[in-house]
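First the structure, in the form of structure tokens, and then the observations on it.
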Amino acid sequence: MDAKIVDPSYKKYLDLFTVLNGAIYCLLGVFIYGWKFGFVWHDAGKPFFQEWPTEFNGYLNMIVTTYFVLGVFMITAGRDGCEKHKSLLAFNMWGANLGHNVGMIWSFATMGYNAPYHWPYPNVPANISPIGDISALGLLFCIDLFLFKKVFGTFI
């Protein structure tokens, strides 16, 4: 059953952003193991595609694979019409974006940071920089939350 749309003028933006969000998830592996800077929590080698092979991490591979699969579903949902996939969008917003971000912040605060990438200041991890994964997921969450509320009139 399709979800009730409160404000149809924002639906096209939510559909488009859902496809964009899915594409970002599908390309996450490139950012993590190519770009590295701001997206890895271990020493994966020199950032910005300077060094191959990359040092891989088993847990990170699991996260990349999970987000890739979620990305495929998000692209499908955006192309199919978001009103048909409200629960997937809610999971993406609250689980994949906010929940994962809270988990990363908690891990950073309690376990530390092992990657050699710091920016712009020494001892400040690249992950919390404006182009890091914590900032990126926070931005995705805020945009999702805004569009979701506009389209469906609720946060869940």
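Nothing in this text is a laboratory measurement; each read-out follows from the coordinates by a stated rule. Quick caveat: nothing in here was measured; it's all calculated off a predicted structure.
Values as computed for the structure displayed
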| read-out | value |
| --- | --- |
| Axial C-alpha extent at least 24 Å, average Kyte-Doolittle at least 0.5 - helices from the chain (DSSP) | 58-80, 133-152 |
| Per-q log10 I(q)/I(0), the chain, q = 0.09 Å⁻¹ (Debye; single scatterer per alpha-carbon; no solvent) | -0.32 |
| Gyration tensor (alpha-carbon) shape descriptor, the range 1-74, a/c threshold 1.5 | prolate |
| Under-29-angstrom lysine pairs by C-alpha in the chain, whenever the two are 8 or more apart or on separate chains | 18 |
